[in-house]
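Report on the following structure.
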Amino acid sequence: MLGLLKNPVVVTVKINMNLVALTVMGLISRLWGLSYPRAVVFDEVYYGQFVSLYMKRIFFVDDSGPPFGHMLLALGGYLGGFDGNFLWNRIGAEYSMNVPVWSLRLLPALAGALCVPLAYQIVVELQFSHCAALGAALLILLENSLITQSRFMLLESILIFFVLLAVLSYLKFYNLQRHRSFSGSWWFWLLLTGVACSCAVGVKYVGLFTYLLLLTIAGLHFWHMIGDQNLSNVSLMCHFLARGLALVIIPVAVYLSFFYVHLTLLYRSGPHDQIMTSAFQASLEGGLARITQGQPLEVAYGSQITLRNVLGKPMQCWLHSHTNTYPIRYENGRGSSHQQQVTCYPFKDVNNWWIVKDPGMQQLVVSNPPRPVRHGHIVQLVHGITTRYLNTHDVAAPLSPHSQEVSCYIDYNISMPAQNLWRVEIVNRESDTDVWKTILSEVRFVHVNTSAVLKANWQDCKFTVIFHFQLSGASLPEWGYRQLEVVGEKLSKGYHQSMVWNVEEHRYGKSQEQKEREVELHSPTQMDISKNLSFMAKFTELQWKILTLKNEDTEHKYSSSALDWITMDTNIAYWLHPTSGAQIHLLGNVVTWASANIAALLYTCLSLWYLVRRRRKIYDIPEDMWQLWVSAGGICVGGWAVNYLPFFLMEKTLFLYHYLPALTFQILLIPIVLQHLGDHLCRSLLLKSMFSALIVAWFSSVYLVYRTFSPVTYGEPSLSVTELKDLRWKDSWNILIRKQ
């Protein structure tokens with residue numbers, strides 16, 4: 001043992017100075033003057049609202065994607081001590097002193113800076129030269145659009161970082177496959193691939209495209225492994241299970257964890273509660289929870305209840321009635337029953353209360369012990385204030401002539417008897433003997449006489465702005481106070497969530513006399529049991545809302561089509577100084593964008609040429625070089641395609657920044673194509689020298705364009721009118737020039 005101490009302990013560390021230098025330059029380019037401008041820049045007005053809600057622990061739903069990216073932005077605010085108190089209502093608004101601007105923008109900037117060394121390593125792992133890798137990193141470093149997007153509280157730079165990290169991790173794992181399978185580093189890079197893919201999807205759903213690309217590549221690689229006779233069946237099964245664990249199971253678990261943290265942090269009632277189910281709302285602190293805490297769980301004969309439509313889209317509404325009747329004749333000349341109106345009302349009101357009555361008994365109170373209502377039971381629903389019975393009959397609804405009118409029955413002593421029996425059907429029942437439960441049970445009311453189902457007519461209703469809801473479409477005219485139409489819909493027309501209701505507020509009725517009952521209906525509901533949703537139930541509901549709730553698409557001044565992106569025929573003005581000509585635009589490096597398009601075209605043409613020639617048994621390049629060429633195309637061209645082409649199928653407002661992930665992959669292809677041309681097409685020393693000189697000249701032009709557009713990338717220095725006009729290289733670019 002003492003002999004070991006005779007020699008000194010020596011630790012050898014290899015440092016790639018290229019990586020160190022690129023990382024430092026990336027940090028400088030993204031972090032320099034990060035707090036400028038100290039004003040709301042473009043979509044910071046959108047994401048800032050969510051950061052404030054995180055700081056205040058208030059629940060929200062964002063239909064643009066999962067919560068992980070929002071949580072990272074909120075982490076920046078938390079580290080900076082942000083209290084959430086700022087009104088995010090206007091682009092260009094000056095930040096108050098309590099807003100830690102530098103901290104809020106830090107994580108996107110760090111992500112953007114780290115994309116530079118990631119690009120270098122990806123090209124190296126693709127088995128191309130360090131010179132090509134350095135070129136790819138410098139192109140990312142000098143890309144104006146990537147710099148702009150990473151310097152503000154936006155998500156694209158974070159998305160690109162995790163996408164590149166996933167690609168790099170998979171390439172490192174694959175390169176270790178041949179000699180070090182199941183080693184510690186092999187497992188590390190495989191697991192990191194899955195985690196990075198999950199993070200990319202967790203930031204924005206477009207990250208799913210790169211995840212699917214890597215799954216496809218991993219599947220192809222495993223398919224080739226199956227043909228390797230040197231691998232036993234047990235070894236193949238172990239490889240398959242390892243990939244399934246790391247690339248499927250762990251990403252799903254990580255994705256679920258994002259929602260778990262999200263729902264744990266946001267435990268308070270907020271502006272988006274109304275689009276969630278009653279059970280979800282009741283699980284939040286405040287809001288509905290204050291009202292429903294301690295309600296009876298089981299609905300019984302004599303229960304006083306409010307019925308909320310489960311669809312809740314674009315806004316929640318409750319079954320409602322009032323003393324007004326349907327007009328004898330509608331504007332189109334059709335007649336009505338002239339019965340008491342029944343509607344769906346979007347606000348809490350005493351006229352939303354109904355009493356569940358046993359058709360065989362007259363009492364409107366809960367017996368002792370209570371008699372619970374079960375699936376399949378026949379009930380009558382008595383309006384609490386007017387004591388009239390919910391009714392439907394073969395009369396056309398006011399706005400939907402093919403559906404039945406729903407009313408509260410008034411006896412006019414004419415040949416139209418009451419038809420007020422309804423069968424309770426619990427949609428989410430576990431058995432046919434299930435008890436109707438407050439909040440938890442989703443029920444349909446099927447009319448016994450006509451088999452029509454009670455339905456809120458949400459037809460043509462629209463979801464508008466994220467913090468604002470508007471009722472439109474099937475709302476009644478002035479005589480119906482613009483409330484939503486309720487109809488009886490034939491079961492033959494199919495199932496829809498608008499036919500499903502749940503009990504939201506509930507009490508056991510005690511007063512048989514009408515006057516006492518009215519006082520009871522006005523009193524708060526507090527009794528003996530609380531409701532809790534499991535995490536998976538809350539996750540499923542929230543995930544469904546994110547996927548199905550869509551803002552109404554509106555035309556934006558800077559929106560564009562996917563075709564505009566390739567040639568950068570569009571730009572976005574992010575910020576304009578209130579007094580000077582200083583401004584920030586999302587504009588790319590023109591030389592880089594054009595070079596990326598040319599590189600993609602050259603790669604495609606060369607690949608087709610090689611394929612045709614190989615079909616004729618003519619091999620222009622060695623087999624190992626061909627495999628590297630194909631692998632690089634699978635990553636770079638494949639990454640560009642999966643991150644760009646799907647936008648042609650999306651029905652949403654598109655902006656130039658949506659192209660940045662695809663552009664990043666295309667930029668990685670440029671040095672790969674250049675190296676290939678230099679190695680295999682420039683045969684003579686003279687051609688190689690001329691080609692090298694052209695590359696130097698080309699790269700000098702990239703840097704020159706970067707410097708030329710730096711004032712509108714960083715927002716300073718302020719430019720004169722003439723200088724701004726000189727930057728308008730395309731007529732389609734909207735450079736802001738103040739009127740003199």
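Whole-Hz ³J(HN,Hα) for each residue in the range 299-307, computed from phi via Karplus 6.51 cos²θ - 1.76 cosθ + 1.60 with θ = phi - 60°, x for glycine and proline: what do you get?
6, 10, 4, x, 5, 9, 9, 10, 10
Would you work out what percent of the accessible area of the range 303-508, with all protein chains in place, is carbon or sulfur (probe 1.4 Å)?
Solvent-exposed carbon and sulfur of the range 303-508 make up 50 percent of the total.
Share of antiparallel DSSP beta bridges in the chain, in percent to the nearest 5?
Antiparallel: roughly 95 percent of the beta bridges in the chain.
Given an 8 Å cut-off on Cα distances and at least 6 residues of separation, report the relative contact order of the chain as a percent.
14
Would you kindly find the accessible area of Trp32, with a 1.4 Å probe and non-protein molecules such as ligands, DNA and RNA excluded, rounding to the nearest 10 Å²?
130
Hey, how much of the P(r) for the range 303-508 falls beyond 30 Å, as a percent of Cα pairs?
Pairs farther apart than 30 Å: 17 percent.
Using a 7 Å offset from the Cα along the Cα-to-Cβ direction at both Asn7 and Arg57, what is the distance between the two label points in nm, to one decimal?
5.9
Helix 101-125 versus the longest principal axis of the chain: what is the Cα-based angle in degrees, 0 to 90, to the nearest 10?
Between the helix axis and the principal axis of the chain, the angle is about 50 degrees.
Given H placed on each backbone N at 1.01 Å, which residues far from Phe655 in sequence or on other chains put an amide H within less than 5 Å of it?
The list, which skips near neighbours in sequence, is Ser560.
Once you have the Kirkwood Rh of the range 318-375 from its Cα pairs, apply Stokes-Einstein at 10 °C and 1.306 mPa s and quote D in µm²/s.
Rounded to a whole number, D works out at 110 µm²/s.
Could you give the angle, 0 to 90 degrees to the nearest 10, between helix 623-644's Cα long axis and the longest principal axis of the Cα atoms of the chain?
Helix 623-644 sits at roughly 40 degrees to that axis.
Give the shape of the range 526-665 as rounded, prolate or oblate, defined through the alpha-carbon gyration tensor: a ≥ b ≥ c are the square roots of its eigenvalues, a/c under 1.5 means rounded, and otherwise the shape is prolate if a/b is larger than b/c and oblate if not.
Note, shape of the range 526-665 comes out oblate.
Output the 0 to 90 degree angle, nearest 10, between the alpha-carbon long axis of helix 207-226 and the longest principal axis computed from the alpha carbons of the chain.
60
For the range 557-739, what class follows from the C-alpha gyration tensor (a ≥ b ≥ c being the square roots of its eigenvalues): rounded when a/c is under 1.5, otherwise prolate if a/b is larger than b/c, else oblate?
Because a/c hits 1.5 or more and a/b fails to exceed b/c, the range 557-739 counts as oblate.
Please give, to one decimal in nm, the separation of the simple spin-label points placed at Met690 and Thr386, each 7 Å out from Cα toward the Cβ.
Using points 7 Å along Cα→Cβ, the separation is 9.2 nm.
Binning at 10 angstrom from zero up to the longest distance, how are the C-alpha pair distances of the range 156-260 distributed in percent?
With 10 Å bins starting at 0, P(r) equals 15, 48, 28, 8, 1.
Rounded to whole Å, give me the distance from the Cα center of the range 429-443 to that of the range 188-205.
Value for the Cα centre distance between the two parts: 39 Å.
Got a sec? What order do Phe535, Phe60 fall in by accessible area at 1.4 Å, biggest, i.e. largest, first?
Ranked from most to least accessible, the order is Phe535, Phe60.
Suppose all protein chains stay in the model; what accessible area per residue would a 1.4 Å probe give for the range 303-508, in Å²?
Using a 1.4 Å probe on heavy atoms only, each residue of the range 303-508 averages 40 Å².
Determine the alpha carbon to alpha carbon distance for each of Lys357/Lys510; Lys538/Lys652; Lys557/Lys730; Lys357/Lys455; Lys490/Lys510; Lys14/Lys172 and list only those over 25 Å.
Checking Cα-Cα distances, Lys538/Lys652; Lys490/Lys510 exceed 25 Å.
Counting pairs of alpha carbon atoms under 8 Å apart in space and at least six apart in sequence, what relative contact order in percent does the range 156-260 give?
32
What are the semi-axes of the equivalent ellipsoid for the chain, taken as the square roots of 5 times the Cα gyration tensor eigenvalues, largest first, in whole Å?
The three semi-axes for the chain are 61, 31, 26 Å.
Could you sort Asp620, Asp731 by their accessible area in this structure, using a 1.4 Å probe and putting the largest first?
Final ranking, largest accessible area leading: Asp731, Asp620.
Whole Å is fine, so just give me how far the alpha carbon centre of the range 703-724 lies from that of the range 69-147.
21
Does the range 358-408 come out rounded, prolate or oblate, given a ≥ b ≥ c as the square roots of the eigenvalues of its C-alpha gyration tensor, rounded meaning a/c under 1.5 and, failing that, prolate meaning a/b above b/c?
Prolate shape, in that a/c is at least 1.5 and a/b is the bigger ratio.
Given H placed 1.01 Å from N in the peptide plane, which residues other than close sequence neighbours of Val395 have an amide H under 5 Å from its amide H?
Glu405
Please quote Rg/Rh for the range 91-181 to two decimal places, taking the Kirkwood radius as Rh and restricting both calculations to Cα atoms.
Result: Rg/Rh = 1.13.
For Met97, Met276, Met690, Met625, give the ranking by accessible area with the largest first, probe 1.4 Å.
Order by accessible area, largest first: Met97, Met690, Met625, Met276.
What percent do you get for the relative contact order of the range 557-739 when only Cα pairs under 8 Å and 6+ apart count?
After rounding, I find 36 percent.
Per the 1.4 Å probe, what fraction of the accessible area of the range 23-81, in percent, lies on carbon and sulfur atoms?
Carbon and sulfur: 69 percent of the exposed surface of the range 23-81.
Give the carbon-plus-sulfur fraction of the accessible surface of the range 593-673 in %, rounded to a whole number; probe 1.4 Å, heavy atoms of protein chains only.
About 68 percent, which is the carbon plus sulfur part of the accessible surface.
Can you give me the accessible area per residue for the range 557-739, using a 1.4 Å probe, in Å²?
49
Can you figure out the FRET efficiency of Tyr205 with Cys131, using R₀ = 35 Å and their beta-carbon distance, to the nearest 0.05?
Efficiency, from the Cβ-Cβ distance: 0.45.
Calculate one ³J(HN,Hα) per residue across the range 580-586 by plugging θ = phi - 60° into the Karplus curve 6.51 cos²θ - 1.76 cosθ + 1.60, and present them in order as whole Hz with x for glycine and proline.
Whole-Hz 3J(HN,Hα) from phi for the range 580-586: 9, x, 5, 7, 10, 10, 7.
As an exercise, use a Förster radius of 45 Å and the Cβ-Cβ distance of Arg329 and Phe648 to find the FRET efficiency, rounded to the nearest 0.05.
0.35
The values are calculated or read from the model by the stated rules, or taken from the named source; none is laboratory data. Keep in mind that this is a model prediction, so the values were computed, not measured. Neighbour counts are summed over all protein chains in view; Cβ atoms, including those assigned to glycine, are modelled from backbone coordinates with ideal geometry. Just the protein is used for accessible areas: all its heavy atoms, side chains included, with ligands, DNA and RNA removed. Shrake-Rupley method; radii C 1.70, N 1.55, O 1.52, S 1.80 Å.
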